[in-house]
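Here's the structure, in structure tokens; my notes come after.
Coordinate-derived values only; no laboratory data. Note that this is a predicted model, so its numbers are computed, not measured. For neighbour counting, all protein chains shown are included, and Cβ atoms are generated from backbone atoms with ideal geometry for every residue, glycine included.
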Amino acid sequence: MNTLQRIVKNTSVFFIAQVITYIIAFFYTINMARYLGAEGFGILTFGLSLVMILGITADLGLSPLVVREVSRNKSLTSQYASNVMVLKTFLSLASIILLVVIINLQNYSSTTVQVVYMLGLWGAVNSFTLLFHSLFQAHEKMEYQSISSIINSVIIFLGVIFGIIQGFDVLWFAFIYLLAGLIVLVYCLAIYYRRFRINMGELEINFLKTSIMAALPLSVASIFSIIAFRVDAVLLSFLQDTTAVGWYGAAYKLIECLMFIPMVYSAAIFPVVSSFHSLKKSLNLIYQKSVKYSIILGLPLAAITTIYSPEIINLLYGNSYSASVIALQILIWTIPFLFLTYLFGTLLISIDKQNLILKTTGITMSFNIVANILLIPSYGYIAASGVTVLTEAMGTIICVYYLSRYITTLNFRKILIKPLLATVIMSTVLLIKPSLPFMIPIIYGFILYFALLLLFKTFTPEDFDLIRRIYPKKDS
């Protein structure tokens with residue numbers, strides 16, 4: 001199996017599972033938001049955001065380190081599994097203690113506090129699940145991680161439907177996250193012992209110290225990145241109210257549904273690019289083509305969502321979330337940048353330049369926090385939406401600079417011009433908004449967009465050759 005086929009195999013398995021997972025998550029999120037209302041949904045969104053920020057303490061950048069090192073040397077599997085598991089036990093405890101301290105510094109309602117405590121336990125459980133996901137990913141066994149993701153989503157979906165039927169409050173929905181997390185962790189443990197047949201290694205203090213030092217740049221970078229993504233909801237809760245968090249969270253959840261595309265691709269190529277991190281020609285090819293395809297996909301998604309945001313919000317959440325329309329119209333423009341930054345981060349880690357990710361995320365996090373603190377009191381969730389887009393744009397520009405130094409310099413003007421022109425033409429046509437169900441013009445819009453790309457000769461013979469290499473003809 002050649003390199004491209006390995007990437008496609010990993011991507012295909014993970015992509016299919018993530019599509020299923022995100023479809024299920026999409027429906028249970030919509031149902032929760034409608035049932036709980038902006039205030040209740042805001043409490044849940046705030047709790048999830050706070051736990052995800054503090055949850056980095058329980059991982060400390062160890063997950064990407066495990067993927068990188070084990071993918072290079074599979075014999076290290078037991079050593080990393082046993083030592084990292086012990087380390088995560090202490091880190092998870094520290095994360096929960098920190099969460100308890102922070103939530104009690106503010107005058108939150110008892111319901112909010114209980115929701116945060118419940119989600120804090122879920123975060124600790126999820127930290128151990130991430131370790132096994134990293135091991136599966138390093139062995140390029142994405143199917144195991146994929147199944148666990150589907151199990152998690154199905155359990156939450158069933159729990160949400162049951163909670164709505166029974167008329168339960170927001171605390172029940174937090175509990176469902178914890179229950180699903182526990183079941184998934186048991187599944188991952190079973191797979192690890194039965195399929196890999198690798199016993200846990202011995203605890204090694206020196207190895208732990210070395211791992212912590214190696215993961216430190218990744219851990220700080222992860223903290224910075226998660227803060228930049230989640231701090232807006234937390235600050236909205238501090239500086240406004242949970243209703244504003246609910247409006248913002250409703251739009252943000254839709255953005256998260258699209259994030260799986262770059263996440264899946266980046267996760268799939270990571271073990272591959274790590275295994276030939278010194279082969280610059282191969283990295284150049286992956287870099288160039290991935291950037292091109294990310295731009296081609298990201299631009300029309302952002303444009304179409306901007307045009308049809310009112311219809312999308314009304315269909316999914318109802319009139320009570322009409323305030324979320326402008327948030328979605330702004331936030332959707334993070335997608336073109338996110339498609340690129342996920343890829344850039346993966347490439348930098350694969351060539352052992354995680355210290356550059358640390359610098360980048362440090363800059364973007366600082367900007368995000370300062371801008372949100374200054375603007376949220378006056379402009380609320382609209383400011384939070386705009387700051388999120390600017391933060392991603394800044395991160396993209398910085399990463400491009402670093403990659404131009406260590407991999408290659410891309411001609412972004414050449415890559416961008418044709419997809420951008422096709423997006424402008426498509427958007428102009430869609431702005432007419434014929435009196436049809438809005439999904440029909442959207443489908444026509446995508447058809448027009450890709451027809452224009454073909455007309456502009458965006459896809460080169462090399463692109464078609466790559467497809468033939470990925471799916472070679474079988475010998476008769």
Query raised in the report: Relative to the Cα centre, what is the charge dipole magnitude of segment 38-195, using +1 at the beta carbon of each Lys and Arg, -1 at the beta carbon of each Asp and Glu, and rounding to the nearest 20 debye?
Result: 560 debye
Report summary line: Net charge (Lys, Arg +1; Asp, Glu -1) of residues whose beta-carbon lies under 15 Å from that of F224, F224 excluded, is -1
Query raised in the report: Order of T29, T428, T129 from fewest to most other C-beta atoms within 10 Å?
Result: T428, T129, T29
Query - Gyration tensor verdict on segment 18-101 (Cα atoms; rounded if a/c is under 1.5, prolate if a/b is larger than b/c, oblate otherwise) - result: oblate
Query raised in the report: How big is D, in µm² s⁻¹, for segment 332-476 by Stokes-Einstein at 4 °C and 1.567 mPa s if Rh is the Kirkwood radius over C-alpha pairs?
Result: 70 µm²/s
Query raised in the report: For the chain, what does -39500 (n - 2.57) per DSSP helix run (n ≥ 4), summed and divided by total residues, give at 222 nm, in deg cm²/dmol to the nearest 500?
Result: -30000 deg cm²/dmol
**Report entry** Kirkwood Rh and Cα Rg combined as Rg over Rh, evaluated for segment 3-410
**Finding:** 0.94
Requested in this report: Could you compute the FRET efficiency for F367 and Y401, with r as their C-beta to C-beta distance and R0 at 22 Å, rounded to 0.05?
Outcome: 0.85
**Report entry** Net dipole in debye of the chain [+1 Lys, Arg Cβ; -1 Asp, Glu Cβ; about Cα centre; nearest 20]
**Finding:** 1580 debye
Query - Pair E462, F162: separation of 7 Å Cα→Cβ label points (nm) - result: 5.4 nm
Query - Simple label model, 7 Å out from Cα along Cβ direction - L455 to K433, nm - result: 2.5 nm
Query raised in the report: Gap in Å between the Cα centre of segment 360-439 and the Cα centre of segment 225-258?
Result: 17 Å
Report summary line: In this structure, the FRET efficiency calculated for V100 and L216 from their beta-carbon separation, with R0 = 30 Å, to the nearest 0.05, is 0.75
Report task. Could you tell me which chymotrypsin sites (Phe, Trp or Tyr not before Pro) in segment 348-452 are loop residues by DSSP with no more than 11 other beta carbons within 10 angstrom of their beta carbon? Result -> none
Report task. For the chain, return all DSSP H helices satisfying: extent of Cα atoms along own axis at least 18 Å; mean Kyte-Doolittle hydropathy at least -0.5. Result -> 3-59, 77-103, 110-138, 142-166, 170-195, 205-239, 242-275, 280-307, 334-350, 354-406, 412-430, 439-455
